[in-house]
1. Do we find that Gly131 is outside the structural domain of Val414 (by TED's automatic domain parsing), over 22 Å from the mean Cα position of the chain (by Cα), in a loop (DSSP other than H, G, I, E, B) and in contact (Cβ under 8 Å) with a residue 40 or more places away in the chain in this structure?
2. For segment 33-110, which fully contained strands (runs of 3 or more DSSP E) count at least 2 residues that are surrounded by 12 or more Cβ atoms within 10 Å (Cβ to Cβ) and at pLDDT 95 or above?
3. Answer yes or no: is there a residue in segment 261-275 that is assigned by TED's automatic domain parsing to the domain that holds Gly332 and farther than 20 Å from Tyr244 by Cβ.
4. Mind checking which residues of segment 332-343 are more than 30 Å from the chain's Cα centre (by Cα) and in a loop (DSSP other than H, G, I, E, B)?
5. Residues in segment 197-212 that are under 16 Å from Gln182 (Cα atoms) and among the polar types (S, T, N, Q): how many?
6. Can you tell me which residue is farthest from the chain's Cα centre (by Cα) among those in segment 409-436 that are closer than 25 Å to Gly131 by Cβ and outside any strand (DSSP E or B)?
7. Pick from Gly303, Gly289, Gly352, Gly283: which is touching a residue at least 60 places away in the same chain (Cβ under 8 Å) and more than 34 Å from the chain's Cα centre (by Cα)?
8. Please pick out the residue among Gln182, Gln164 that is crowded, with 20+ Cβ neighbours inside 10 Å, in contact with a His (Cβ under 8 Å, 6 or more places away or on another chain) and under 24 Å from Ile397 (Cβ atoms).
Amino acid sequence: MPKKFDEFRTIKISDDWTIPSPDGVGRRTLVKGAAWSVPVIATAGATPAFAASPQPTLAFTQASYTGTPCGTISGVQVKRTIDGTAPDPGKTVSVTLANGYTFADGTTTYSGTTDTNGLITLPNIKVPGKGGNSSFSAASDSLSATAAVQTPAGTPKAKSASTQTVGTTYTVSSPQTAAGAQYFITSDGKLYHGNDLIVDANKNPITNVTSVVGIVVPNGTDTATFVADGVAYGISSSGIPVSYDIPSPKTAVGAQYFITTDGKLYYSSKDNLIASNVTSAFGIVTPNGTDTATYVSDGVAYGVSTNGTPRSYNIPNPQTAVGAQYFITTDGKLYYNSKDNLIASNVTSAFGIVTPNGTDTATYVSDGVAYGVSTNGTPRSYNIPNPQTAVGAQYFITTDNKLYHTANLVSTEVSSAYGIVVPNGTDTATFITTAC
């Protein structure tokens, strides 16, 4: 039977510096000194020698914030502590905003020093008109923190501009597409001219509008051609639309020209078939009041006046007619009416306009730079950051949805725009924005 030992045994350290083993076999050596209490059996676990040191913290005083489009978020605070509780004053904290949220002065970063309570209070934060969720980010030394911000989507607004000056804000419900000459398509397919909802002869709203091109004619009247419920129409200002007897119209391309679902180009009537196998077309009213169009059919570039005989342009591999005898080719070159008039390469967007004095002009984007040109002359560049789309009359939309006229910022948060030169020679645009 095994011998029973006490859990602890007190041993006097003297000249005999060994501990007898319970079974009389092993020996342990001890350092000479005072009496020791030695456990006979060691435990499986052990208490840590030191507790964890307190760690500094950084956090927003709220986990999340709520905004309203074009509103202000006030009183946002960030707190730094020494150990999760005690304030850590005199420390620098930097906060960064994103996604269109800015401080009152328009900047997106702010740095402050913590007060006696370990807090910094941020300046008022402006919520972008487009709304949308984002987050606020804070940093201090090696510490970081974030807080979510939630804002519903903003409401788009239909507006006009004359050169770089924003003019009228129209009372258009849910505008989606600016179509030129103060015409807008709404998100539910209705058509407005300025503040006026377009209705038929029975005062019923025109609905299911899928394509519109607005043009200011030489006498100064706003006009548009459009397709609604599979019918082609024309309209002057806010009047009653007039239908055109065109079979299966699909796309209004301007100046009473329409492309049908089977690729035919008509001018104002089923009796005026211009061409078949049309892949691109652009209609313009010239200063003398003549309707004209340029188009691509069977891989050839053409021009036509009203329903006359088309004339071909010797342009290699034309792909897109962009107006005023300008064409973009399949390899991204921009030509003006002939293979001999190469304007630019690497063109991603272009828009041609005939000015009131009868000059063909175009604006375009090439290699990430905005340009303008008259006929086949020397292009001039515009100092516009990151231009993406030429929308007519020296207006461009950038990659971050800003609208510029030449080098002048017109608006931010722009989703659609259409530029026109009016009869007095002024560049104008209609556009849609959520900006405040």
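1. In short, no.
2. Qualifying strands (runs of 3 or more DSSP E): 57-60, 64-66, 77-81, 92-96.
3. Within segment 261-275, none of the residues are assigned by TED's automatic domain parsing to the domain that holds Gly332 and farther than 20 Å from Tyr244 by Cβ.
4. Selection gives Asn337, Ser338, Lys339, Asp340, Asn341.
5. Total satisfying the criteria: 1.
6. Cys436
7. That would be Gly289, the only listed residue that is touching a residue at least 60 places away in the same chain (Cβ under 8 Å) and more than 34 Å from the chain's Cα centre (by Cα).
8. Step by step, each of Gln182, Gln164 is checked, and only Gln182 is crowded, with 20+ Cβ neighbours inside 10 Å, in contact with a His (Cβ under 8 Å, 6 or more places away or on another chain) and under 24 Å from Ile397 (Cβ atoms).
The values are calculated or read from the model by the stated rules, or taken from the named source; none is laboratory data. The shown structure was predicted, so the numbers you read here are calculated from the model rather than taken from an experiment. Because the Cβ atoms are built from the backbone with ideal geometry, glycine has one as well, and the counts that use them run over all protein chains shown.
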